[in-house]
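Participant: The structure that follows is given in the form of structure tokens.
None of the figures in this text is laboratory data; all of them are computed from the coordinates on show. Quick caveat, the model's predicted, so the values are computed rather than measured. For neighbour counting, all protein chains shown are included, and Cβ atoms are generated from backbone atoms with ideal geometry for every residue, glycine included.
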Amino acid sequence: MRTLCTAAWLLSLFVTPAVCGHEPTRKQFQRERAAALALAQQAAESAPRGGTGDKLCRLTIELRDEKTSRPLAGLVRVTNLATGKAISFSEEIHRDKNWFAISPPAILSVPQTKIQVEAFHGLETMRALREIDLTGQQSATLTIPLARFYDAAARGLKSGNTHLHLMKLTHAEMDRYLRTVPQADGLDLVFISLLRRVPDERDYISNTLTEGDLGRLSQAGVLFGNGEEHRHNFGPGGEGFGHVMLLNILKRIEPVSIGPGIMKAGTDGIPLARGIRTARQDGATVIWCHNTFGHEDIPNWVSGLVHAQNIFDGGEHGTYEDTFYRYLNVGLRVPFSTGTDWFIYDFSRVYVPYAGELTARRWLEQLAEGKSFITNGVLLEFSLDGKSSGESLAAAADQPLRILGRAIGRNDFRQLEVVHNGKVIHAAPSRAFDGHYAATLDYRLRVSEPGWVALRIPRGAGQNELGKELFAHTSPIYITVGGRSIFQADVARGLVAEMSASQQFIASKAVFANAGEREAVLRVYREALAQLEAQIGAARQ
């Protein structure tokens with residue numbers, strides 16, 4: 001088996017999503033390469049070797065579902081109890097915090113000594129821990145049953161990663177990565193998207209995947225869908241019009257990347273809205289990337305062109321309050337979504353209810369209807385007077401509404417919170433159970449005005465096994481009162497001010513070939529401004 005622990009492979013561990021919501025540049029890779037090589041050398045020096053005097057055991061690890069005995073892919077961490085140090089495996093895919101993704105069965109070379117093996121699958125099983133003494137053994141088998149504290153499939157839920165690219169791998173490495181990591185993480189659907197940047201795109205191995213390749217990979221149990229990251233930047237990574245995912249596309253939308261900042265040629269004379277409209281005409285789903293990153297997000301949301309919003313998909317780029325809550329408070333319907341951008345560095349995914357054979361089109365329809373929750377570790381359940389995320393409830397003024405919620409995960413998330421029109425109005429603490437944490441709430445809300453309600457866990461409440469800060473948030477349930485939907489004029493005025501500032505910035509920064517290009521780009525903002533200002537005027541009456 002070819003060793004994957006090369007400098008190129010390790011770059012996926014070092015070049016993190018903190019790089020401004022876009023792919024690392026070649027210079028950044030060169031800086032990281034030295035660190036990657038150093039780690040590779042360190043791992044080689046600490047890993048067991050088969051030379052003279054070394055005593056190794058060929059350990060077969062089988063992870064199985066405790067209830068069904070079905071073999072599972074998963075993550076394992078192996079510790080040499082004699083030294084107290086984690087063991088590295090150059091043949092396996094390293095994730096983070098000494099966890100390695102494995103497919104069943106995995107054969108690992110370990111010292112002939114007493115070791116500890118930790119293991120789990122996806123977000124739904126408890127972390128298993130086994131100790132085994134391999135002294136004097138040249139081979140052994142360790143079967144680890146994994147107990148589920150939650151079964152998303154049994155509850156009719158399917159999870160997806162809506163934003164993924166791969167780079168700096170060979171075809172064989174990419175194939176193995178995609179066959180192993182999504183299965184180990186318990187994902188049901190992964191969208192792998194085309195993107196362009198000159199000259200770095202020569203290393204974008206996921207751009208080479210064809211529809212036939214996606215179909216072949218999908219036979220292993222995880223469905224792979226297609227997409228395109230349609231985008232514009234000023235400069236190599238500077239904020240421009242923004243980035244948007246066009247998922248389940250019939251054909252490539254050209255240009256994939258717009259402007260000299262990314263493509264080293266051309267002008268900034270094409271708005272994202274043009275490509276978005278073309279994709280929508282073809283039946284594609286449009287998801288804004290990187291939360292606040294980019295200037296064209298607000299006008300496209302106001303114009304009704306975006307189906308969902310990604311957050312935490314390759315960096316922070318703002319909070320729920322910066323985008324989701326403001327959009328919702330002016331009456332927009334905004335489904336929550338997420339992904340991981342470059343490599344699957346976290347357990348980030350979006351769940352939607354789903355019945356029948358899984359297809360990308362039907363899954364995306366459920367997402368666009370707002371029947372979703374996002375998470376990287378905590379699973380959520382939510383209802384409001386029998387309604388679910390994405391649905392609307394007509395209420396009378398001062399009518400009591402019953403909110404039922406539940407959160408459950410392996411790691412402590414502190415509390416489950418009720419968010420009403422952007423403010424936390426109630427919380428229930430998490431409590432430790434056998435190998436996991438859970439919180440439940442049953443709360444009565446009396447509404448005096450229209451709005452929305454959602455559930456979330458607080459940011460900064462804990463970390464998952466990969467060391468990433470936990471997040472989880474449902475899409476909202478919408479409440480009308482007296483036939484009216486929420487519209488907060490002060491929030492709308494803030495969005496107007498932001499679009500006006502963006503319009504002025506782009507007019508001064510962008511390079512246009514002619515007046516027609518300038519008009520095409522600025523008209524996107526002008527039309528959205530007129531629409532929102534008309535709504536503000538109507539709200540005064």
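Participant: To make sure I understand, if each residue's beta carbon is the centre and we count other beta carbons within 10 Å, what order do Glu357, Glu449 fall in, fewest to most? Don't jump to the answer; show the numbers that get you there.
Facilitator: Details: Glu357 7, Glu449 13.
Fewest to most other Cβ atoms nearby, the residues stand as Glu357, Glu449.
Participant: In nanometres, what is the gap between the two model label sites at Ala489 and Val511, each 7 Å from Cα along Cα-to-Cβ?
Facilitator: Simple spin-label model gives 4.4 nm for this pair.
Participant: What percent antiparallel are the DSSP beta bridges of the chain, to the nearest 5?
Facilitator: Of all bridge pairs located within the chain, approximately 75 percent are antiparallel.
Participant: Which pairs in the list Lys423/Lys468; Lys168/Lys264; Lys67/Lys114; Lys387/Lys423 are over 23 Å apart, alpha-carbon to alpha-carbon?
Facilitator: Lys423/Lys468; Lys67/Lys114
Participant: Separate question: If you line up the long axis of helix 489-509 against the longest principal axis of the chain, both from Cα atoms, how many degrees apart are they, to the nearest 10?
Facilitator: Rounded to the nearest ten degrees, it is 80.
Participant: Now, a different point. Counting other C-beta atoms within 10 Å, which of Ile486, Ile287 has the fewest, and how do the rest follow? Display every interim value, and only then the final one.
Facilitator: Details: Ile486 19, Ile287 29.
The order, fewest Cβ neighbours first, is Ile486, Ile287.
Participant: May I pose another question? Taking the Cα atoms only, what angle lies between the long axis of helix 515-540 and the longest principal axis of the chain, rounded to 10 degrees?
Facilitator: With rounding to tens, the tilt is 70 degrees.
Participant: Say a paramagnetic label sat at a point 7 Å from the Cα of Asn411, along Cα to Cβ; which residues of region 457-493 have their backbone N under 20 Å from it?
Facilitator: 457-474, by backbone N distance to the label point.
Participant: R0 = 51 Å: FRET efficiency of Ser303 with Thr141, Cβ-based, nearest 0.05?
Facilitator: 0.30
Participant: So how tilted is helix 26-46 from the main axis of the chain? Cα-based, degrees 0 to 90, rounded to 10.
Facilitator: Rounded to the nearest ten degrees, it is 30.
Participant: If amide H atoms are built 1.01 Å from N in the plane of the peptide, which residues on other chains or at least 5 residues away come under 5 Å of the amide H of Thr143?
Facilitator: Here Glu62 satisfy the definition.
Participant: Another question, then. What FRET efficiency, computed as 1/(1 + (r/R0)^6) with R0 = 56 Å and r the Cβ-Cβ distance, is obtained for Asp133 and Asp175, rounded to the nearest 0.05?
Facilitator: 0.95
Participant: Multiply the residue gap between Leu358 and Arg523 by 0.36 nm, knock off their C-alpha separation, and tell me the result in nm, one decimal place.
Facilitator: 55.5 nm
Participant: List the residues, sorted by chain then number, that are 5 or more residues from Lys158 or on another chain and whose placed amide H is less than 5 Å from its amide H.
Facilitator: Close amide H contacts, sequence-distant or interchain: Val352, Tyr354.
Participant: Could you compute the FRET efficiency for Lys114 and Ile425, with r as their C-beta to C-beta distance and R0 at 35 Å, rounded to 0.05? Intermediate results must be reported in sequence, preceding the final value.
Facilitator: Values: r = 52 Å, r/R0 = 1.48.
So, using R0 = 35 Å, E works out to roughly 0.10.
Participant: Considering the zone a paramagnetic label at Asp398 would reach in this model (a point 7 Å from Cα along the Cα-to-Cβ line), which residues of region 444-462 have amide N under 13 Å from it?
Facilitator: It comes to 446-449, nothing else.
Participant: Using the count of nearby Cβ atoms within 10 Å as a rough guide to exposure, how do Arg444, Arg197 rank from fewest to most?
Facilitator: Fewest to most other Cβ atoms nearby, the residues stand as Arg444, Arg197.
Participant: Simple spin-label model, 7 Å along Cα-to-Cβ: Val198 to Thr440 in nm?
Facilitator: Between Val198 and Thr440, the label points sit 6.1 nm apart.
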